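Heads up: the structure comes next, in C-alpha coordinates.
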Amino acid sequence: MPSAQSRRVAFMAAALLQAASLLSALPSRAASALAAWQLTNEGVLKLRTATGARLQAFFEAGDSRRGPRVWIDFPGELSRSRSLRGSGPVKEIRLGKPTPGSTRLVVEFAPGVELDPGRLKLVGTAVDRWSMAFEGLPTRGLRSIGEGDLTRSSGRWNSGISITPSKTPVDPSGLPSVPRGRYRVVIDPGHGGPDPGAVGIGGLRETDVVLDLSLQVAQLLEAKGVQVVLTRTSEIDVDLPPRVSLANRMRADAFLSIHANAISMSRPEVNGIETFYFSDPRSARLAAHVQQQVLNVSPGSPNRGVRQGRFFVIRRTTMPSALVETGFVTGRLDAPRLADQGHRRRLSLAIAAGILNYLRGQR
Ligand code: ZN
(Lines give C-alpha, C1' and ligand atoms only; values in the text may rest on other atoms or scores of the structure.)
Protein backbone atom coordinates (compact mmCIF):
# COMPACT_ATOMS: atom_id res chain seq x y z
CA MET A 1 0.00 0.00 0.00
CA PRO A 2 2.54 2.52 -1.13
CA SER A 3 0.73 5.83 -1.18
CA ALA A 4 -0.60 5.89 2.38
CA GLN A 5 2.67 4.44 3.61
CA SER A 6 4.87 7.01 1.96
CA ARG A 7 2.95 9.87 3.46
CA ARG A 8 3.34 8.54 6.94
CA VAL A 9 7.00 7.71 6.51
CA ALA A 10 7.73 11.20 5.28
CA PHE A 11 6.02 12.54 8.34
CA MET A 12 7.87 10.41 10.80
CA ALA A 13 11.22 10.21 9.17
CA ALA A 14 11.92 13.72 8.03
CA ALA A 15 11.69 16.66 10.33
CA LEU A 16 11.23 19.31 7.73
CA LEU A 17 8.26 21.27 8.85
CA GLN A 18 8.66 24.86 9.89
CA ALA A 19 5.63 24.91 12.12
CA ALA A 20 3.94 22.39 14.29
CA SER A 21 0.73 20.84 13.23
CA LEU A 22 -1.12 19.89 16.34
CA LEU A 23 -2.01 16.34 17.07
CA SER A 24 -5.66 15.57 17.11
CA ALA A 25 -6.89 15.70 20.66
CA LEU A 26 -6.92 12.41 22.48
CA PRO A 27 -8.90 11.74 25.63
CA SER A 28 -7.04 13.75 28.23
CA ARG A 29 -6.86 10.79 30.56
CA ALA A 30 -4.61 8.82 28.19
CA ALA A 31 -1.14 8.70 29.72
CA SER A 32 1.79 10.01 27.72
CA ALA A 33 3.24 7.53 25.24
CA LEU A 34 6.69 8.85 26.17
CA ALA A 35 8.13 6.46 28.76
CA ALA A 36 11.83 7.43 28.85
CA TRP A 37 14.29 9.60 26.95
CA GLN A 38 17.99 10.29 26.79
CA LEU A 39 20.17 12.69 24.84
CA THR A 40 23.60 11.07 24.79
CA ASN A 41 26.93 12.89 24.90
CA GLU A 42 27.36 11.79 21.27
CA GLY A 43 24.32 13.80 20.23
CA VAL A 44 21.83 10.99 19.81
CA LEU A 45 18.31 11.32 21.17
CA LYS A 46 16.90 7.99 22.29
CA LEU A 47 13.29 7.40 23.21
CA ARG A 48 11.23 4.65 24.71
CA THR A 49 7.50 4.89 24.11
CA ALA A 50 4.34 2.88 24.39
CA THR A 51 4.49 0.12 21.80
CA GLY A 52 3.38 1.16 18.36
CA ALA A 53 3.02 4.82 19.33
CA ARG A 54 2.89 7.27 16.44
CA LEU A 55 5.33 10.13 16.76
CA GLN A 56 5.81 13.26 14.72
CA ALA A 57 9.09 15.13 14.55
CA PHE A 58 9.57 18.77 13.62
CA PHE A 59 12.41 21.17 13.00
CA GLU A 60 12.64 24.93 13.22
CA ALA A 61 15.72 26.81 12.10
CA GLY A 62 17.40 29.24 14.48
CA ASP A 63 17.83 32.98 14.02
CA SER A 64 20.25 35.56 15.34
CA ARG A 65 18.94 35.26 18.89
CA ARG A 66 17.91 31.65 19.09
CA GLY A 67 19.32 28.28 18.16
CA PRO A 68 17.42 25.73 16.09
CA ARG A 69 14.80 23.58 17.75
CA VAL A 70 13.74 20.00 17.18
CA TRP A 71 10.59 18.70 18.77
CA ILE A 72 8.71 15.47 18.87
CA ASP A 73 5.04 15.06 19.60
CA PHE A 74 3.66 12.00 21.34
CA PRO A 75 0.09 10.91 21.92
CA GLY A 76 -1.15 10.92 25.50
CA GLU A 77 -0.91 13.65 28.09
CA LEU A 78 2.24 14.47 30.01
CA SER A 79 1.65 14.54 33.75
CA ARG A 80 3.92 17.51 34.52
CA SER A 81 5.50 20.14 32.26
CA ARG A 82 9.15 20.83 32.99
CA SER A 83 12.41 22.08 31.52
CA LEU A 84 15.95 20.83 32.02
CA ARG A 85 19.11 22.82 31.44
CA GLY A 86 21.28 21.45 28.64
CA SER A 87 25.04 21.53 28.21
CA GLY A 88 27.47 22.27 25.38
CA PRO A 89 25.48 22.80 22.17
CA VAL A 90 22.15 22.09 23.86
CA LYS A 91 20.55 25.01 25.63
CA GLU A 92 17.50 23.42 27.11
CA ILE A 93 15.18 20.45 26.94
CA ARG A 94 11.52 21.04 27.62
CA LEU A 95 8.64 18.68 28.14
CA GLY A 96 5.18 20.10 27.75
CA LYS A 97 1.62 19.53 26.64
CA PRO A 98 0.92 21.77 23.66
CA THR A 99 -2.71 20.63 23.67
CA PRO A 100 -4.69 18.62 26.21
CA GLY A 101 -3.96 14.95 25.73
CA SER A 102 -0.57 15.35 24.08
CA THR A 103 3.10 15.43 24.97
CA ARG A 104 5.90 17.42 23.36
CA LEU A 105 9.63 17.00 23.88
CA VAL A 106 11.61 20.02 22.68
CA VAL A 107 15.38 20.14 22.25
CA GLU A 108 16.50 23.74 21.94
CA PHE A 109 20.05 24.19 20.74
CA ALA A 110 22.35 27.06 21.64
CA PRO A 111 22.39 30.13 19.35
CA GLY A 112 24.81 29.63 16.48
CA VAL A 113 24.35 25.85 16.31
CA GLU A 114 23.50 24.79 12.79
CA LEU A 115 21.68 21.62 11.86
CA ASP A 116 20.68 20.35 8.46
CA PRO A 117 17.06 19.20 8.74
CA GLY A 118 17.57 16.97 5.69
CA ARG A 119 19.91 14.85 7.77
CA LEU A 120 17.61 14.49 10.75
CA LYS A 121 15.65 11.30 10.91
CA LEU A 122 13.59 9.83 13.66
CA VAL A 123 14.08 6.11 13.26
CA GLY A 124 12.08 3.38 14.96
CA THR A 125 14.56 0.79 16.22
CA ALA A 126 12.05 -1.50 17.94
CA VAL A 127 8.31 -1.53 18.60
CA ASP A 128 8.87 0.86 21.49
CA ARG A 129 12.28 2.43 20.71
CA TRP A 130 13.26 5.44 18.65
CA SER A 131 16.48 7.16 17.85
CA MET A 132 17.44 10.45 16.25
CA ALA A 133 21.07 11.30 15.60
CA PHE A 134 21.80 15.02 15.42
CA GLU A 135 24.22 14.62 12.54
CA GLY A 136 26.89 17.28 12.43
CA LEU A 137 26.21 18.56 15.94
CA PRO A 138 29.42 19.71 17.66
CA THR A 139 29.28 17.55 20.79
CA ARG A 140 31.95 19.37 22.74
CA GLY A 141 30.76 19.98 26.28
CA LEU A 142 27.63 17.90 25.76
CA ARG A 143 26.77 15.78 28.75
CA SER A 144 24.31 12.94 28.62
CA ILE A 145 20.92 13.85 30.01
CA GLY A 146 17.66 11.96 30.29
CA GLU A 147 14.74 10.73 32.35
CA GLY A 148 13.30 7.29 32.93
CA ASP A 149 14.65 3.83 32.17
CA LEU A 150 15.43 3.46 28.49
CA THR A 151 16.35 -0.19 28.73
CA ARG A 152 13.17 -1.50 30.24
CA SER A 153 10.88 -3.29 27.84
CA SER A 154 7.29 -2.23 27.77
CA GLY A 155 6.66 -5.87 26.78
CA ARG A 156 3.18 -5.03 25.64
CA TRP A 157 1.62 -4.19 22.35
CA ASN A 158 -0.33 -0.99 22.19
CA SER A 159 -3.54 -2.96 22.36
CA GLY A 160 -2.51 -3.90 25.89
CA ILE A 161 -1.83 -7.44 24.70
CA SER A 162 1.43 -9.24 25.25
CA ILE A 163 2.62 -12.25 23.30
CA THR A 164 5.43 -14.64 24.03
CA PRO A 165 7.96 -14.36 21.21
CA SER A 166 8.88 -17.71 19.70
CA LYS A 167 11.46 -18.84 17.16
CA THR A 168 10.61 -19.29 13.51
CA PRO A 169 11.07 -22.88 12.28
CA VAL A 170 13.58 -23.48 9.50
CA ASP A 171 11.36 -26.03 7.78
CA PRO A 172 7.69 -27.04 7.80
CA SER A 173 8.24 -29.82 10.35
CA GLY A 174 8.93 -27.17 12.97
CA LEU A 175 5.63 -25.34 12.54
CA PRO A 176 3.31 -25.27 15.57
CA SER A 177 0.40 -27.69 15.44
CA VAL A 178 -3.29 -26.93 15.77
CA PRO A 179 -6.20 -29.37 15.82
CA ARG A 180 -6.71 -30.53 12.24
CA GLY A 181 -9.87 -29.41 10.53
CA ARG A 182 -10.81 -26.86 13.14
CA TYR A 183 -9.69 -23.57 11.62
CA ARG A 184 -10.39 -21.56 8.50
CA VAL A 185 -8.03 -18.81 7.40
CA VAL A 186 -8.24 -16.34 4.53
CA ILE A 187 -4.97 -15.24 2.96
CA ASP A 188 -5.18 -12.09 0.85
CA PRO A 189 -2.28 -11.44 -1.53
CA GLY A 190 -2.33 -7.67 -2.02
CA HIS A 191 -3.00 -6.10 -5.44
CA GLY A 192 -2.84 -8.24 -8.62
CA GLY A 193 -3.57 -8.15 -12.33
CA PRO A 194 -3.39 -4.64 -13.73
CA ASP A 195 -2.43 -3.34 -10.25
CA PRO A 196 1.13 -4.48 -9.53
CA GLY A 197 1.20 -2.67 -6.19
CA ALA A 198 4.52 -1.07 -5.42
CA VAL A 199 7.36 -1.39 -7.91
CA GLY A 200 10.83 -1.10 -6.47
CA ILE A 201 14.52 -1.69 -7.03
CA GLY A 202 15.28 -3.65 -10.19
CA GLY A 203 11.62 -3.58 -11.16
CA LEU A 204 10.71 -5.79 -8.22
CA ARG A 205 6.91 -5.91 -8.14
CA GLU A 206 4.94 -6.18 -4.94
CA THR A 207 2.27 -8.33 -6.57
CA ASP A 208 4.79 -11.01 -7.58
CA VAL A 209 6.35 -11.12 -4.13
CA VAL A 210 3.11 -11.28 -2.19
CA LEU A 211 1.43 -13.82 -4.48
CA ASP A 212 4.40 -16.16 -4.10
CA LEU A 213 4.40 -15.68 -0.31
CA SER A 214 0.65 -16.18 -0.06
CA LEU A 215 0.65 -19.40 -2.10
CA GLN A 216 3.45 -20.78 0.08
CA VAL A 217 1.74 -19.74 3.32
CA ALA A 218 -1.51 -21.36 2.15
CA GLN A 219 0.26 -24.60 1.35
CA LEU A 220 2.07 -24.64 4.72
CA LEU A 221 -1.15 -24.02 6.64
CA GLU A 222 -3.07 -26.64 4.66
CA ALA A 223 -0.39 -29.18 5.50
CA LYS A 224 -1.16 -28.43 9.18
CA GLY A 225 -4.84 -29.16 8.66
CA VAL A 226 -6.00 -25.56 8.36
CA GLN A 227 -8.59 -24.79 5.68
CA VAL A 228 -7.26 -21.91 3.61
CA VAL A 229 -8.96 -19.69 1.09
CA LEU A 230 -6.94 -17.30 -1.02
CA THR A 231 -8.62 -14.14 -2.33
CA ARG A 232 -6.65 -14.66 -5.52
CA THR A 233 -4.33 -17.39 -6.76
CA SER A 234 -3.01 -15.76 -9.92
CA GLU A 235 -2.35 -12.39 -11.51
CA ILE A 236 -5.93 -11.21 -11.62
CA ASP A 237 -7.59 -8.03 -10.54
CA VAL A 238 -9.73 -8.43 -7.42
CA ASP A 239 -11.40 -5.40 -5.90
CA LEU A 240 -11.20 -4.88 -2.17
CA PRO A 241 -14.94 -5.41 -1.35
CA PRO A 242 -15.08 -8.96 -2.81
CA ARG A 243 -11.99 -9.88 -0.80
CA VAL A 244 -13.76 -8.79 2.34
CA SER A 245 -17.13 -10.37 1.52
CA LEU A 246 -15.44 -13.67 0.71
CA ALA A 247 -13.79 -13.69 4.12
CA ASN A 248 -16.97 -12.63 5.92
CA ARG A 249 -19.06 -15.28 4.14
CA MET A 250 -16.58 -17.97 5.11
CA ARG A 251 -16.69 -16.97 8.75
CA ALA A 252 -12.97 -17.46 8.81
CA ASP A 253 -11.06 -17.58 12.08
CA ALA A 254 -8.43 -15.19 10.78
CA PHE A 255 -7.72 -12.99 7.78
CA LEU A 256 -4.24 -11.92 6.76
CA SER A 257 -3.48 -9.53 3.92
CA ILE A 258 0.11 -9.80 2.69
CA HIS A 259 1.87 -6.77 1.21
CA ALA A 260 5.28 -5.27 0.57
CA ASN A 261 5.99 -1.68 1.38
CA ALA A 262 7.36 1.17 -0.72
CA ILE A 263 8.54 4.72 -0.50
CA SER A 264 10.28 6.92 -3.05
CA MET A 265 13.08 5.23 -5.02
CA SER A 266 15.34 7.97 -3.72
CA ARG A 267 14.95 6.66 -0.16
CA PRO A 268 16.70 3.25 -0.24
CA GLU A 269 17.69 3.73 3.41
CA VAL A 270 14.08 3.16 4.43
CA ASN A 271 13.54 -0.51 5.28
CA GLY A 272 11.50 -2.34 7.85
CA ILE A 273 8.65 -4.57 8.85
CA GLU A 274 5.24 -3.47 10.10
CA THR A 275 1.90 -5.10 10.69
CA PHE A 276 -1.44 -3.34 10.91
CA TYR A 277 -4.70 -4.16 12.60
CA PHE A 278 -7.83 -2.04 12.78
CA SER A 279 -9.09 -2.04 16.35
CA ASP A 280 -9.96 -5.20 18.28
CA PRO A 281 -7.62 -7.02 20.66
CA ARG A 282 -7.76 -10.34 18.81
CA SER A 283 -6.65 -8.64 15.59
CA ALA A 284 -3.88 -6.94 17.54
CA ARG A 285 -2.77 -10.30 18.82
CA LEU A 286 -2.77 -11.79 15.32
CA ALA A 287 -0.76 -8.80 14.09
CA ALA A 288 1.69 -9.13 16.97
CA HIS A 289 2.33 -12.82 16.27
CA VAL A 290 2.89 -12.22 12.56
CA GLN A 291 5.11 -9.19 13.19
CA GLN A 292 7.27 -11.10 15.67
CA GLN A 293 7.80 -13.99 13.27
CA VAL A 294 8.55 -11.85 10.22
CA LEU A 295 11.07 -9.87 12.27
CA ASN A 296 12.73 -13.11 13.29
CA VAL A 297 13.66 -13.85 9.68
CA SER A 298 14.52 -10.25 8.71
CA PRO A 299 17.66 -9.43 10.70
CA GLY A 300 18.69 -5.80 10.44
CA SER A 301 15.40 -4.67 8.98
CA PRO A 302 13.91 -2.13 11.42
CA ASN A 303 10.91 -3.04 13.51
CA ARG A 304 8.32 -0.46 12.49
CA GLY A 305 5.87 -1.94 14.90
CA VAL A 306 2.38 -3.29 15.24
CA ARG A 307 0.14 -0.40 14.35
CA GLN A 308 -3.44 0.53 14.01
CA GLY A 309 -4.40 1.15 10.40
CA ARG A 310 -7.59 1.87 8.53
CA PHE A 311 -6.99 -0.22 5.41
CA PHE A 312 -10.28 -1.39 3.92
CA VAL A 313 -9.56 -5.11 4.08
CA ILE A 314 -8.83 -5.09 7.82
CA ARG A 315 -11.49 -2.52 8.66
CA ARG A 316 -14.39 -4.28 6.98
CA THR A 317 -13.63 -7.90 7.74
CA THR A 318 -15.68 -9.31 10.61
CA MET A 319 -13.06 -11.76 11.88
CA PRO A 320 -9.66 -11.04 13.46
CA SER A 321 -7.62 -9.54 10.66
CA ALA A 322 -4.22 -8.02 10.02
CA LEU A 323 -2.13 -6.66 7.16
CA VAL A 324 1.59 -7.38 7.10
CA GLU A 325 4.14 -5.31 5.21
CA THR A 326 6.99 -7.77 4.65
CA GLY A 327 9.64 -5.20 3.74
CA PHE A 328 10.27 -2.34 1.33
CA VAL A 329 10.63 -3.15 -2.37
CA THR A 330 12.38 0.23 -2.53
CA GLY A 331 14.72 -0.56 0.39
CA ARG A 332 18.40 -1.28 -0.10
CA LEU A 333 18.29 -4.03 2.52
CA ASP A 334 14.78 -5.39 2.00
CA ALA A 335 14.48 -5.38 -1.81
CA PRO A 336 17.19 -7.94 -2.66
CA ARG A 337 15.81 -10.17 0.07
CA LEU A 338 12.25 -9.94 -1.20
CA ALA A 339 13.56 -10.94 -4.64
CA ASP A 340 15.32 -13.97 -3.17
CA GLN A 341 13.58 -17.37 -3.15
CA GLY A 342 15.30 -18.49 0.03
CA HIS A 343 14.16 -15.41 1.91
CA ARG A 344 10.63 -15.79 0.58
CA ARG A 345 10.59 -19.35 1.91
CA ARG A 346 11.70 -18.11 5.34
CA LEU A 347 9.08 -15.36 5.24
CA SER A 348 6.37 -17.87 4.33
CA LEU A 349 7.34 -20.12 7.22
CA ALA A 350 7.39 -17.09 9.50
CA ILE A 351 3.94 -15.90 8.45
CA ALA A 352 2.50 -19.42 8.75
CA ALA A 353 4.08 -19.76 12.21
CA GLY A 354 2.61 -16.42 13.27
CA ILE A 355 -0.89 -17.45 12.20
CA LEU A 356 -0.60 -20.87 13.85
CA ASN A 357 0.69 -19.35 17.09
CA TYR A 358 -2.24 -16.97 17.06
CA LEU A 359 -4.75 -19.80 16.47
CA ARG A 360 -3.20 -21.85 19.29
CA GLY A 361 -3.58 -18.91 21.64
CA GLN A 362 -7.31 -18.65 20.87
CA ARG A 363 -8.18 -22.05 22.25
ZN1 ZN B 1 0.42 -3.15 -0.99
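For this structure, a couple of remarks:
- ARG119 falls short on exactly one of the conditions (1) surrounded by 18 or more Cβ atoms within 10 Å (Cβ to Cβ); (2) closer than 30 Å to PRO302 by Cα, and that condition is (1).
Matching residues to (1) out of contact with any strand residue (DSSP E or B) (no Cβ under 9 Å at 6 or more places or on another chain); (2) among the aromatic types (Phe, Trp, Tyr); (3) touching a residue at least 60 places away in the same chain (Cβ under 8 Å); (4) under 14 Å from VAL210 (Cβ atoms):
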| position | (1), (2), (3), (4) |
| --- | --- |
| LEU286 | no, no, yes, no |
| VAL294 | no, no, yes, yes |
| VAL297 | yes, no, yes, no |
| SER301 | no, no, no, no |
| VAL306 | no, no, yes, no |
| GLY331 | no, no, yes, no |
| ASP334 | no, no, yes, yes |
| ILE355 | no, no, yes, no |
| GLN362 | no, no, yes, no |
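- LEU105 vs. criteria in a loop (DSSP other than H, G, I, E, B) and buried (at least 18 other Cβ atoms within 10 Å of the Cβ): no
- Top-ranked residue of region 244-260 - restricted to ones that are crowded, with 24+ Cβ neighbours inside 10 Å and away from the ligand (no atom under 16 Å from the Cβ), ranked as nearest to PRO320 (Cα to Cα): ALA254
- Those residues of region 122-150 which are open to solvent by 20 Å² or more (accessible area, probe 1.4 Å), under 16 Å from SER87 (Cα atoms) and of a type outside the set (S, T, N, Q), in sequence order: PRO138, ARG140, GLY141, ARG143, ILE145, GLY146, GLU147
- Of all residues in region 187-208, those satisfying the criterion of being within 14 Å of the ligand (Cβ to nearest atom), open to solvent by 40 Å² or more (accessible area, probe 1.4 Å) and not in a helix (DSSP H, G or I) are ASP195, VAL199, ARG205.
- Any chance LEU215 is within 16 Å of the ligand (Cβ to nearest atom) and either outside the structural domain of VAL294 (by TED's automatic domain parsing) or open to solvent by 40 Å² or more (accessible area, probe 1.4 Å) (or both): no
Yes/no matrix, rows are residues, columns are (1) within 30 Å of MET265 (Cβ to Cβ); (2) within 16 Å of the ligand (Cβ to nearest atom); (3) not β-branched (Val, Ile, Thr):
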| residue | (1), (2), (3) |
| --- | --- |
| LYS167 | no, no, yes |
| PRO176 | no, no, yes |
| VAL210 | yes, yes, no |
| LEU221 | no, no, yes |
| LEU240 | yes, yes, yes |
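- Pairs with Cβ under 6 Å, 6+ apart, first in region 219-244 and at negative phi and of a type in the set (A, V, I, L, M, F, W, C), second open to solvent by less than 30 Å² (accessible area, probe 1.4 Å) and in a loop (DSSP other than H, G, I, E, B): VAL226/TYR183; ILE236/GLY193; VAL238/THR231; VAL238/ARG232; VAL244/THR317
- The residues of region 68-93 that are closer than 17 Å to ARG140 by Cα and open to solvent by 60 Å² or more (accessible area, probe 1.4 Å), listed by number, are ARG85, LYS91.
The values are calculated or read from the model by the stated rules, or taken from the named source; none is laboratory data. The model shown is predicted, which means the values in this text are computed figures rather than measured ones. So basically every Cβ, Gly included, is an ideal-geometry build from the backbone, and we count neighbours across all protein chains shown. To get the accessible areas, we keep the full protein, side chains included, count just its heavy atoms, and leave off ligands, DNA and RNA. Shrake-Rupley method; radii C 1.70, N 1.55, O 1.52, S 1.80 Å.
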